[in-house]
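A quick write-up on the structure given underneath.
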């Protein structure tokens, strides 16, 4: 496949991701909630997968450790997550949602669903599912390339 800036997978996925994040932050703000898209991603990850260490979160978000630490600090200050010392390796902290963090997720998931619904309006589910499958394959190819 030849490179074409206007049809670049990296460019398009970045633009879509940024737009979804901005729209989500706007929905939160309109409803009096001060939360960044990155905060929401971490809350969602922890809600879905339970406690994770900061390295897992950093890998998932593709952010450096310092940026992840700042986000987790902010979430912890807002009592949405807590840090727990790892039972297996005292050098690492596990991050988990508090009861308040779980409640926040349940309140905010509807805004994420609305943003995705708007973004995918008039696109058949079969096309959305195919797109997601292809993106997953691309991600897997890149993970294999990293090894």
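Read-outs throughout are calculated quantities, based only on the coordinates presented, and are distinct from any laboratory measurement. A quick note: this is a predicted structure, and the numbers were derived from the prediction, not measured. FYI the Cβ positions are ideal-geometry reconstructions off the backbone, even for glycines, and counts take in every protein chain you see.
Full extension of the chain between residue 92 and residue 9 yields a length gain of 26.4 nm, computed as 0.36 nm times the residue separation minus the alpha carbon distance.
Against the chain, whose longest principal axis comes from its Cα atoms, helix 65-77 is set at around 60 degrees.
Three principal axis extents describe the C-alpha atoms of the chain; from largest down they are 48, 42, 24 Å.
Spin-label model, residue 2/residue 147: points 7 Å from Cα along the beta carbon direction are separated by 3.4 nm.
Against the main long axis of the alpha-carbon atoms of the chain, helix 125-146 sits at an angle near 70°.
Largest first, the three principal axis extents of the alpha carbons in segment 66-147 are 46, 39, 21 Å in whole numbers. Against the chain, whose longest principal axis comes from its Cα atoms, helix 99-119 is set at around 10 degrees. Between residue 119 and residue 82, the contour length at 0.36 nm per residue exceeds the Cα-Cα span by 10.1 nm.
Cβ-Cβ distance of residue 47 and residue 132, R₀ of 25 Å, FRET efficiency by 1/(1 + (r/R0)^6): the value works out to about 0.80.
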